[in-house]
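The values are calculated or read from the model by the stated rules, or taken from the named source; none is laboratory data. All values derive from a computational prediction rather than experimental measurement. Don't worry about glycine lacking a Cβ; one is built from the backbone with ideal geometry, like all the others, and counts go over all protein chains shown.
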């Protein structure tokens, strides 16, 4: 079973996380990867390129000169393709670019890329990814501590839910991109050298690509888990002993002992 090291934001290793074999341990399928990447790039095209043929160009309704006697080649319109400002022969016309790929192939391609990232130690998992305030310097410090701030290295951060502080802190870093995990796609994973994600994002990927539940349901479960976790202040107050109850109990115990002795 594949595993990876979980780091904190200070770059310190804190534990080993076992990953799903079905999501992070498959053999990359290069043929499927090629088809999915090609389809995704094709589907990005708007298909709005357009040119005018000689019948669509304005003007040219009059024969430029008589048919014979000039010594020149016969011409019927100044909008013929060989003329300047003439029509275009076989030029592009608006049409739809669409290449459909089955859902199973798309998911296999994503699992292939994730498995490749884990095998090459390009997947960095952190226990949490949060900032108290948006500040680019803090984000750069985190990247440096995680050893991914090398010049020219592209970093993709995938969050289980939108965090404005993270988004604003990273948007001025040209080599860093932040996106929600539900926007995961093969092209972005391949385009970036390293992928940084919290443990909750790993759980989301295992729910969707391992257990096969929908993205909306997985997002709802992750948000419920995050909301159910106690905050640091609540956890600290829960650990503090209740001295008043302890004192009452100690007062009652000797009384019972005296009664029994009498």
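Would you pick out the residues in region 119-135 that are over 15 Å from residue 198 (Cβ atoms), more than 16 Å from the chain's Cα centre (by Cα) and surrounded by 14 or more Cβ atoms within 10 Å (Cβ to Cβ)? Full working, then the answer.
So the first thing to find is which residues in region 119-135 are over 15 Å from residue 198 (Cβ atoms), and the list is 119-122, 132-135.
Next, only the ones that are more than 16 Å from the chain's Cα centre (by Cα) stay: 119-121, 132-135.
Of everything in region 119-135, those that are over 15 Å from residue 198 (Cβ atoms), more than 16 Å from the chain's Cα centre (by Cα) and surrounded by 14 or more Cβ atoms within 10 Å (Cβ to Cβ) turn out to be 119, 134.
For region 89-108: of the residues being in contact (Cβ under 8 Å) with a residue 60 or more places away in the chain and not in a helix (DSSP H, G or I), which is surrounded by the most Cβ atoms within 10 Å (Cβ to Cβ)? Walk me through it before giving the result.
To start, the set of residues in region 89-108 that are in contact (Cβ under 8 Å) with a residue 60 or more places away in the chain comprises 99-101, 105-108.
Next, from what is left, pick out any that are not in a helix (DSSP H, G or I): 99-101.
On the way: 99: 13, 100: 6, 101: 16.
Among them, the one singled out is 101.
Just wondering, is there one or more residues in region 28-38 that are under 27 Å from residue 88 (Cβ atoms) and either in the same structural domain as residue 186 (by TED's automatic domain parsing) or not in a helix (DSSP H, G or I) (or both)?
Start the filter on region 28-38 by keeping residues that are under 27 Å from residue 88 (Cβ atoms), which leaves none.
Within region 28-38, none of the residues are under 27 Å from residue 88 (Cβ atoms) and either in the same structural domain as residue 186 (by TED's automatic domain parsing) or not in a helix (DSSP H, G or I) (or both).
May I ask you to verify whether residue 110 is out of contact with any strand residue (DSSP E or B) (no Cβ under 6 Å at 6 or more places or on another chain), closer than 30 Å to residue 6 by Cβ and at pLDDT 95 or above?
Numbers: out of contact with any strand residue (DSSP E or B) (no Cβ under 6 Å at 6 or more places or on another chain): yes; closer than 30 Å to residue 6 by Cβ: yes; at pLDDT 95 or above: yes.
Criteria met by residue 110.
Just the residues that are touching a strand residue (DSSP E or B) at 6+ places or on another chain (Cβ under 9 Å) and more than 15 Å from residue 114 (Cβ to Cβ), please, taken from region 200-227.
Selection gives 200, 219.
Answer yes if at least one residue in region 25-35 is within 21 Å of the chain's Cα centre (by Cα) and closer than 19 Å to residue 211 by Cβ, and no otherwise. First the steps, then the outcome.
Keep residues of region 25-35 that are within 21 Å of the chain's Cα centre (by Cα), which gives 25-26, 28-30, 32-35.
Within this subset, residues satisfying the condition of being closer than 19 Å to residue 211 by Cβ are 25-26.
Taking every residue of region 25-35 in turn, at least one turns out to be within 21 Å of the chain's Cα centre (by Cα) and closer than 19 Å to residue 211 by Cβ.
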